[in-house]
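K.L.:
Below you will find the structure I want to go over with you.
Just so it is clear, none of the values below were taken in a lab; they were calculated from the coordinates. These numbers were taken from a predicted model, which means no experiment stands behind them. Methodologically, a virtual Cβ is constructed for each residue, glycine included, from the backbone with ideal geometry; neighbour enumeration extends over all protein chains shown.
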Amino acid sequence: MAARYRLSAHERDFFRLVERAALANPFTEERLRVNKQLSGLSDEFSEVEQNEVGVKTVRKRFKCLEEAGRDNFNHYVAQDQRLLKNATMFDFFHCFIEPFDRHILQQLEAGAKPIKVNFAPEAFAYLHRKGYTDEEKRRAFAMTFQIWRAYYFIVRNLAGRSAVMKKLRQSLWNNVFTHSIDFYIQYLWSRMEDFSTIIVGETGTGKGTAAMAIGRSGYIPFDVKLGRFEESFVQSFVTLNLSQFSEALIESELFGHKKGAFTGAVDDHEGILQRCSRYGAIFLDEIGEVSYPIQIKLLKVLEERLYSPVGSHEIHRFDGRIIAATNRSVDGLLKKGLMRSDFYYRLCSDIITVAPLRDRIKADPRELDDLLNVIVGKILGVEAPEVVDHLLGLMTEQPGINYDWPGNVRELAQCVRGLILNQRYKGLPAEGAGRSSPFVMDLDKGNIDAQTLLKRYCNSLYRRYGTYGEVARRTKLDRRTVKKYITDYNLSRRSRK
C-alpha cells in the first residue's frame with residue numbers, strides 16, 4: 001500500500017517526545033523530564049501528576065488520529081512509521097495497564113498454572129487497527145506484559161525514595177531490558193540467559209526481593225490459540241538458599257539426583273536447574289558458601305549450559321538465567337580464595353548492590369515512612385496512615401532514632417509486629433557495651449573461661465543475624481556446636497535468674 005500520510009513538523013516533534021518516553025528507563029531523570037514536557041506542567045506539580053497528564057495528552061493525540069482515520073502507522077511515509085509505531089506502544093501500554101494489573105494479581109493467586117487472559121481479544125483488536133501483523137501483535141502483547149510485570153514488581157516490592165533505592169530500581173530495570181529497551185527488543189528479547197547477576201548486600205536488605213523482580217520479569221510468549229501466556233511468571237522464578245544444605249545435598253538440590261545415587265536417595269529428584277523454565281531464572285542465595293567442586297560444576301552450566309544429575313550420565317540443558325547473592329564482600333571472597341576467579345567472571349555480567357537500611361534512612365529519613373507504609377499495608381491488608389504515624393512515634397523511643405537496624409528491612413518488619421503486639425521494641429543493643437556491665441568487668445579481671453566467652457559470643461551473633469547457619473559461618477564452627485553453645489548459654493542464664 002502506498003503511503004498516504006506524513007506527520008507534520010509539530011506532530012513529529014510531539015511523537016518523538018512520546019517515543020523517548022516509551023524507550024526510557026522509567027526510573028531515570030530522563031523519563032521525568034520527558035513526562036514534564038509531555039504534560040506541559042510546571043515544577044509546582046508532582047511527578048505523579050505530570051505523568052498522569054502526560055499520558056492523557058498522548059491519548060488525546062491518538063484519539064484525534066483515530067477519528068481522522070490516520071492511526072495506522074503503515075499508511076505513513078517510511079521516516080514516520082517507526083516513530084509512530086514506538087509512540088503507539090506507549091499509548092497501548094497505558095490503555096491496558098489496569099487489565100494487565102488485574103491479570104498479575106489473578107496469576108499470583110492461581111500460582112504455577114497459566115490462566116486465560118480475558119482482555120487479549122480487545123488488546124489484539126487495538127494493535128490490529130494500528131497496523132500490526134499477527135506475529136507483531138503477539139510479540140507486542142507479550143512485550144507489553146513483560147514491561148508492566150517488571151515495573152510492577154520493582155515498584156510494589158522495593159519501596160523507598162532515597163537516592164540508593166532510585167539507583168537500585170534503575171539497575172534492576174537495566175538488568176531486565178539492558179541500557180536501551182529498543183536495543184533489547186531488537187536483539188536480546190529471547191537471549192538473556194547468558195547475562196548472569198550477582199546481588200550483594202547485608203542479611204535482611206532485600207536481595208531476594210530484588211532477585212524476584214528480575215526473575216519474574218522475563219519475556220514469556222503469548223499462545224494465541226489457548227488465549228494465555230505459555231507459562232506463569234510465578235513458575236519462572238525458583239530459589240535455593242545454599243547455606244541451608246550440606247555439601248552432598250547442595251549438589252543434589254542444584255542438579256538433581258537419580259534413585260540410589262547415594263544413601264537416602266530413594267527416588268529420583270529434580271534439582272533447581274531442571275525446575276527452572278527457559279523463560280525463567282534461578283536465585284542462588286549465599287553463593288559464597290559453596291565449595292570449589294560445586295563452583296566448577298556451576299561454571300560448566302554457565303559456560304556450556306549443560307549438567308548431569310548426581311548418579312547419572314544423562315546430559316541436561318539449562319536455558320534460564322542465574323542470579324546469585326551473597327552477604328559477604330565479593331572482593332573478600334576472591335582474596336581469601338573462597339570463590340574461584342573464573343567462576344566469578346562468568347557470574348558478574350551485572351553486580352547489583354542493595355544498601356543497608358541505616359544508609360537508606362541516613363540518606364533520606366522519609367525512607368522509614370515509605371517502608372512502614374508498605375509493611376503495615378501488608379500486615380493489616382489496608383493502608384493505615386494513622387497506624388504508621390503511631391508506630392513512628394513509638395519508634396522514636398524504642399529502638400530510638402539513632403538505631404542502626406543490624407537486621408535491616410527484615411528486622412524492621414519484625415519491629416512493626418512487636419510494636420503492634422506489645423507497643424515496645426528494644427532492638428538489638430551490643431552486649432557488654434557499658435562500663436558497668438558485669439560481663440566487661442569479669443572480662444577485664446580475667447574471670448571468664450574460654451567456653452563461656454565462646455557461648456556468649458555465639459549467642460550475640462545469633463541475636464544479631466537470626467540463624468545458626470550464619471553464626472556457624474562467621475565463627476567457623478559446626479552448626480550443631482553453635483546450636484549447643486547458644487542453648488547452653490541461655491539455659492545457664494535462666495538458672496541464674
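K.L.:
Out of residues 5 or more away from residue 223 or on other chains, whose amide H comes under 5 Å of its own, with H placed 1.01 Å from N in the peptide plane?
P.N.:
Here the answer is 228, 229, 230, since their amide H atoms fall under 5 Å of that of residue 223.
K.L.:
Now for a different question. Taking R0 as 41 Å, what FRET efficiency do you get between residue 163 and residue 484 from their Cβ-Cβ distance, rounded to the nearest 0.05?
P.N.:
Values: r = 45 Å, r/R0 = 1.09.
Once the sixth-power term is evaluated, E becomes 0.35.
K.L.:
Using the Cα atoms as the points, what is the convex hull volume per residue of the range 1-86 in Å³?
P.N.:
Values: hull volume 7.4 nm³, N = 86.
Per residue, the Cα convex hull of the range 1-86 comes to 86 Å³.
K.L.:
While we're looking at this one, here's another question. So which of 336/455; 259/335; 116/297; 36/167 end up more than 31 Å apart, counting from Cα to Cα?
P.N.:
Values: 336/455 27 Å; 259/335 39 Å; 116/297 39 Å; 36/167 21 Å.
Those over the limit are 259/335; 116/297.
K.L.:
Continuing with this model, one more query. For residue 352, what residues show an amide H to amide H distance below 5 Å, using hydrogens built from the backbone and excluding near sequence neighbours?
P.N.:
It is 198, 199, 200, by chain and number.
K.L.:
Next question, about the same structure. Here is the link list: 362/426; 113/225; 60/85; 378/483; 56/85. Which ones come out longer than 23 Å on Cα distance? Show your work: numbers first, answer last.
P.N.:
On the way: 362/426 20 Å; 113/225 17 Å; 60/85 17 Å; 378/483 32 Å; 56/85 18 Å.
As for pairs spanning more than 23 Å Cα to Cα, those are 378/483.
K.L.:
Taking the Kirkwood radius as the inverse of the mean 1/r across Cα pairs, report the Rg/Rh of the range 117-184.
P.N.:
Numbers: Rg = 15.1 Å, Rh = 13.8 Å.
On the Cα set of the range 117-184, Rg over Rh gives 1.10.
K.L.:
Considering only C-alpha atoms, what is the centroid distance from the range 274-292 to the range 10-69, in Å?
P.N.:
If we compute the Cα centre of each part, the gap is 40 Å.
K.L.:
Residue 60 to residue 112: FRET efficiency via 1/(1 + (r/R0)^6), r the Cβ-Cβ distance, R0 51 Å, to the nearest 0.05? Kindly include the intermediate steps, with their values, before the conclusion.
P.N.:
Working: r = 41 Å, r/R0 = 0.81.
After rounding, the FRET efficiency stands at 0.80.
K.L.:
Would you work out which of 50, 354, 254 lies farthest towards the positive end of the dipole of the chain? Charges go on Cβ: Lys and Arg +1, Asp and Glu -1.
P.N.:
254
K.L.:
So, one more: Near the amide H of residue 271, under 5 Å away, which other amide H atoms are found, from residues 5 or more places off or on another chain, if H is placed in the peptide plane?
P.N.:
Here the answer is 256, 257, since their amide H atoms fall under 5 Å of that of residue 271.
K.L.:
Can you find, among 385, 460, 74, the residue sitting farthest towards the positive end of the charge dipole of the chain, where Lys and Arg contribute +1 and Asp and Glu -1 at Cβ?
P.N.:
Value: 460.
K.L.:
From the square roots a ≥ b ≥ c of the eigenvalues of the alpha-carbon gyration tensor of the range 159-355, which class results: rounded (a/c under 1.5), prolate (a/b over b/c), or oblate? Mind showing how you got there, number by number?
P.N.:
Numbers: a/c = 1.82, a/b = 1.16, b/c = 1.56.
Since a/c reaches 1.5 but b/c is at least a/b, the shape of the range 159-355 is classed as oblate.
K.L.:
Count the DSSP beta bridges whose two residues both fall in the chain, then state the antiparallel fraction as a percent rounded to the nearest 5.
P.N.:
25
K.L.:
So, with +1 on the Cβ of K and R and -1 on the Cβ of D and E, and no other charges, what is the size of the charge dipole of the chain about its Cα centre, to the nearest 20 debye?
P.N.:
Numbers: 75 positive and 63 negative charges, 159 e Å.
Charge dipole, the chain, about its Cα centre: 760 debye, nearest 20.
K.L.:
Under the Kirkwood approximation for Rh and a Cα-based Rg, what ratio Rg/Rh is obtained for the range 95-217?
P.N.:
Details: Rg = 16.0 Å, Rh = 16.1 Å.
Rg/Rh for the range 95-217 comes to 0.99.
K.L.:
Turning to a different aspect of this structure: What distance in nm separates the two pseudo spin-label positions at residue 97 and residue 447, each 7 Å out from Cα along the beta-carbon direction?
P.N.:
Computed distance between label sites residue 97 and residue 447 equals 6.7 nm.
K.L.:
Helix-derived [θ] at 222 nm for the chain: sum -39500 (n - 2.57) over DSSP H runs of at least 4, divide by residue count, nearest 500?
P.N.:
Numbers: 22 runs with 275 residues, N = 497.
So the calculated ellipticity at 222 nm is -17500 deg cm²/dmol.
K.L.:
Based on the Cβ-Cβ distance from residue 244 to residue 366, what FRET efficiency comes out when R0 is 41 Å, to the nearest 0.05?
P.N.:
Values: r = 36 Å, r/R0 = 0.88.
Step by step, r from the Cβ atoms, then E = 0.70.
K.L.:
Eigenvalues of the Cα gyration tensor times 5, then square-rooted: what semi-axes does that give for the range 89-145, in whole angstrom, largest first?
P.N.:
Details: eigenvalues 93, 29, 16 Å².
For the range 89-145, the semi-axes come out at 22, 12, 9 Å.
K.L.:
Same structure again: From the square roots a ≥ b ≥ c of the eigenvalues of the alpha-carbon gyration tensor of the range 27-128, which class results: rounded (a/c under 1.5), prolate (a/b over b/c), or oblate?
P.N.:
It comes out oblate by the Cα gyration axes.
K.L.:
Residue separation times 0.36 nm, minus the C-alpha to C-alpha distance between residue 417 and residue 134: what's the value? Intermediate values should be presented prior to the final figure.
P.N.:
Numbers: separation 283, 0.36 × 283 = 101.88 nm, distance 5.15 nm.
That works out to 96.7 nm of additional length.
K.L.:
Taking 1 over the mean of 1/r across every pair of different Cα atoms in the range 358-422, what Kirkwood radius in Å do you get?
P.N.:
Values: mean 1/r = 0.0842 Å⁻¹.
Result for the range 358-422 stands at 11.9 Å.
K.L.:
In addition: Out of the range 214-302, which trypsin sites (Lys or Arg not before Pro) are coil in DSSP terms and have no more than 16 other C-beta atoms within 10 Å? Could the numbers behind the result be given before it?
P.N.:
Details: sites: 216, 225, 228, 258, 259, 275, 278, 297, 300; in loops: 216, 225, 258, 259, 278.
Qualifying residues, ordered by number: 225, 259, 278.
K.L.:
Take peptides 9-15, 323-329, 89-95 and line them up by average Cβ neighbours within 10 Å, highest first, as a rough protection proxy. All intermediate terms of the calculation are to be shown ahead of the outcome.
P.N.:
On the way: 9-15: 14.4, 323-329: 21.7, 89-95: 19.9.
For the peptides 9-15, 323-329, 89-95, the packing ranking is 323-329, 89-95, 9-15.
K.L.:
Ordered by packing density, taken as the mean number of other Cβ atoms within 10 Å over each peptide's residues, highest first, how do 338-345, 126-133, 185-192 rank?
P.N.:
Descending packing order for the listed peptides: 126-133, 338-345, 185-192.
K.L.:
With volume of the Cα convex hull per residue in Å³ defined as stated, name the option among [x] 196; [y] 152; [z] 167 computed from the structure displayed.
P.N.:
Answer label, from the structure shown: [x].
K.L.:
Under a crude label model (7 Å from the Cα following the beta-carbon direction), how far is residue 265 from residue 188 in nanometres?
P.N.:
3.7
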